[in-house]
Every structure is written in C-alpha cells, then in structure tokens.
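First comes the structure, then the notes that go with it.
Please treat every number below as a calculation from the coordinates, not as lab data. Computed from a predicted structure; not experimentally measured. All Cβ positions, glycine included, derive from the backbone under ideal geometry; neighbour counts span all protein chains shown.
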Amino acid sequence: MQSTDKTTIAMHTSIPGTHSQELLALRQKHVPRGVSNSVPVFVEKAEGAVVVDVDGNRMIDLAGAIGTLNAGHCPPRVVAALKAQLDQYIHPGFNVLMYEPYVRLAETLNALTPGDHEKRTFFLNSGAEAVENAVKIARKFTGRRGVLSFRGGFHGRTLLAMSLTSKVKPYKFGFGPFAADVYRLPYPNYYRAPLNMTPDQLDDALLSRMEEFFISDVPKEEIAAVIMEPVQGEGGFIVPSRRFVQGVRDICRKNDILFIADEVQTGFGRTGRLFAVEHFGVVPDLMTMSKSIAAGLPISAVTGRADVMDAPEPGEIGGTYGGSPLGCVAALEVIRTLQEEHLVERANVIGDIIRTNLEQLQRQYPVIGDVRGLGAMMAMELVKDPVTKEPHPELTKRILAECYQRGVVLLNAGMYGNVIRFLSPLVITDAQLEEAFAVLRGVFADLLG
C-alpha cells in the first residue's frame, strides 16, 4: 500500500470524497445519529498503519480504532488463522460445546498477566461487558455491593459500565437512573493540580480522601472493589504516579477490597509493557481486557485470582457469543505477533518519537499545555492560555479536521475534549511517523502561524 515516491499519504479528493458522500447519505438515513463517527470517510482497505478510503485516499492511521489495532490492520498471521478457523467451525457456543482455542487463550492470559498466583480467565464480547462481569464476580466473592471508580475514568456505555464512567456528556446525559452502589473518587491530574501542590502532595491528599470516604460516605465493609484504568484513556491519557497506584492497592488490601485493573485500552503492549499496571508494581485481583486483544475481532476477557473467579456458580457468568472461536484464534495470533515482532519494545520507541515531536511543537506553540503518556499511549493537551490552562476544544477540533484532510487520522479525548491522543498501530514505521508529524507541523503552522 506504499506509493512509488516512498510516501504513504496520497489524497485524491477532499474529505469526504464522492463515494464517501454517497455512503454518508445512506448512513444518515439508516443509522441513528447517536453512533458517532470521527472521520467522515468509508474504508475500502487497510493494512498495518495505513487505510485507503473508497475514494482512493491513502491515510496514516494514528487512531488505531481507539487503541484496538496494536498489531496493525489485518496482521497477516491473524488473517491466515481466521481463514483456517472458518474452514473448521464458526461458533459451537462454548456454553454448549467447548473448543480448544478458548482454553488455550485462557491458559495464555493466565500465564502472561501480572502475578504468579493461580488464575482463571473467561471471555465475553466487549470491554463494557468485561467490566460488568468483573464487578459481578467481585460482588459475588466479597458479598459486598459497593464499587469505587475514579473521576475521569471511562469503563463503557452499558448501564453499570456507564454508571462507573465519569464523563457526563456524551456518555451519561439523559440516560439515568444509573446503577446503585457506585461511588466516585478524584484521580490525580498533576497538570491541573491546585496551585503550588506537588505530585506527592496531591497523591497524599487523594489517598487521604479515599480513607475518609469510608468514614464519611460508605463503610469499607460495603465496598466490594475499586476499578481503575492504570492510565486513563477517554479521560485524556492521565498517568498516575506509581506512588498513588500502590497507595490505592494498599488501601484495598487493608480493607479486603478487590483491586480491578481496567486494561481495555492500555493492554497488549500499548504503554511499553504488555499491561500498563506492570509500570506501577501492582498485581491486580482482577483485570479486564479487550480492544487490542484480537486485532479488531469482538472479544474481551476477565482474568483474576482463581479463588475470586471461581466464586460464581455455573451459569452465573458467560454469554452466547463470549469467547467466539474466531476471536480466540485471532487473540492467540496477536499475542504471538506482539512477542515475535517485539512490538511491546517497539511501543517505547514509538512513544519516544511521539514525545520528542510533541515537545518540539510545545516549545514553539504555547497552546500545547501538556505532553504526557506512557509508551505509545501519548497525548497533548491544548489550552487557550498556558497560565490559566483554560481548555481549548475549538482549536482541537480544527486541528483534527485539518489533519484528516491532509491524510492523518487522529482522535481527541479528555473531560473537556481538548486532548489529542496518539494510538497508532505498533507496526507503524519511523518513516510513517515522520510523515504524519510533518503534516501535524504544517497544520499548526497554518492555523497558528
């Protein structure tokens, strides 16, 4: 999919082109408006970090289906495994007739996830479904009902997952009432910490607030679990300190509360470790996984301590399509791809390239208030003034629109919609990264002078 002049991007029309416009008309007629679309094009072909739309425009993908494509679009070994599986069987239904890929993938994740204790894994369809089931299991094991999540966290759009999610619009507004026994605590955003407060001071204040919560709000004896994204995704790629995450873990241990790591966006090499929680020296009781687990196939997983995972009785967890054979074989090949192509290590190289480019832009353009992230999960936050740190979502939208018109796909994030996040496939080349950043530099120059 590379062009002969050694560049990747080739834009033949404005966005959207004629064929995309025709399909957009059908989309608007037949699909509800509540399903959002970041870029107004329809894809015809995709490979690695490159997508070609139905009008022949070739673009570099720095969004990766919101972090779903760490192994890239259409990884060859995944495609081959799926074709082979289709010739055997598609879906006997694990709850009825079992099949080997399911147990092989469970075995693999039990070995790869943090901790050397005995574990169990089962499979579902989406990140939200994994979150809901992790909470179900935690409640069953502890006999408690309460769940703590964090401000800025995103855990999905289904009822319980939406209740755990912090951002009101567009995820929660008008969709109440929400699930009961869900409580929210503040999360450390060091860029927006109170004036003159150091990161350690902010950590101490928030950990103290957590301890006080059990006195002022809900007793510890009623809290089953704390759920945390090791790096907040939709919240704006907020990275907590090792000290804070370990402090939360210690409070959980002290009060017999389960610690759930939501690795839906951060998992499978994105942050430069196979799982982001490894950066913090914490072994969770339960983990939720999805997105990049299977290169775009709909599958998710919950992995956890064997004694916790075995708390539900037969039939109390599961689902008709959970752990489909196609998803399982795709996931096994994604894991092999990550390992054999050293993509976890590659994430750190990508992250260094992105950070260097963003910090260079930041020195030139003060509207970039903060550059942050772990590994290849990087972001920049745009502000109207570097002193007041007033968010600048309008500029963010203009930059994103100009980027896709010039052949680079990016997404925003953050509570105020003013964060641009980078989630490129980990198979992206250095040349493609440089080409994408040349576009981004040109956009900044044209919009800001």
query = Using the eigenvalues of the Cα gyration tensor, what equivalent ellipsoid semi-axes result for segment 359-401 when each is taken as the square root of five times the eigenvalue, whole Å, largest first?
reply = 17, 13, 10
ask   = Sorted from fewest to most neighbouring beta carbons within 10 Å, what does the list Phe244, Phe422, Phe213 look like?
value = Phe213, Phe244, Phe422
request  = Could you check which residue among Met197, Met415, Met59 shows the biggest mean-square fluctuation in a GNM of the chain with a 10 Å Cα cutoff?
outcome  = Met197
request  = Take the chain, connect every pair of alpha-carbon atoms lying under 10 Å apart with a spring to form a Gaussian network, then pick out the residue of Val39, Val135, Val344 with the largest mean-square fluctuation.
outcome  = Val39
note = Least to most buried among Ser424, Ser20, by other C-beta atoms within 10 Å and fewest first, runs Ser20, Ser424
query = When His73, His279 are ordered from fewest to most other Cβ atoms inside 10 Å of their Cβ, what list results?
reply = His279, His73
key: DSSP loop trypsin sites (Lys or Arg not before Pro) with at most 13 other Cβ within 10 Å: longest gap in the chain   = 34-449
query = Helices from the chain with mean Kyte-Doolittle at least -0.5 and a Cα length along the axis of 20 Å or more, per DSSP H: which?
reply = 127-142, 199-216, 325-340, 343-364, 430-448
message = Quick check on the chain: what does the Kirkwood estimate of hydrodynamic radius come out to from the alpha carbon pairs, in Å?
response = 22.7
ask   = What's the longest piece of the chain with no exposed GluC sites (Glu not before Pro), counting a site as exposed if DSSP puts it in a loop and it has at most 13 other beta carbons within 10 Å?
value = 119-315
inquiry  = Tell me the relative contact order for segment 322-435 as a rounded percent, counting alpha carbon contacts under 8 Å between residues six or more apart.
reply    = 21
message = Show me the chymotrypsin sites (Phe, Trp or Tyr not before Pro) within segment 89-154 that DSSP assigns to loop and that have at most 14 other Cβ atoms within 10 Å of their Cβ.
response = Tyr89
message = Using only DSSP helix segments of four residues or longer, with each worth -39500 (n - 2.57), what per-residue ellipticity at 222 nm results for the chain after dividing by its residue count and rounding to 500?
response = -12000 deg cm²/dmol
inquiry  = Taking a ≥ b ≥ c as the square roots of the Cα gyration tensor eigenvalues, with a/c under 1.5 meaning rounded and otherwise prolate when a/b beats b/c, else oblate, which class fits segment 189-273?
reply    = oblate
ask   = Here are some pairs, Lys172/Lys254; Lys29/Lys136; Lys119/Lys167; Lys29/Lys167; Lys169/Lys291; Lys45/Lys172; which of them have Cα atoms lying more than 27 Å apart in this structure?
value = Lys172/Lys254; Lys29/Lys136; Lys119/Lys167; Lys29/Lys167; Lys45/Lys172
key: Relative contact order of the chain, defined on C-alpha pairs under 8 angstrom at six or more residues apart (%)   = 22
ask   = Any idea what % of Cα-Cα pairs in segment 78-340 are farther than 22 Å?
value = 55
remark   = Compactness summary of segment 224-278: radius of gyration and Dmax from Cα atoms, Å, are 11.4, 31
ask   = Rounded, prolate or oblate: which fits segment 230-346, taking a ≥ b ≥ c as square roots of the Cα gyration tensor eigenvalues, rounded meaning a/c under 1.5, else prolate when a/b beats b/c?
value = oblate
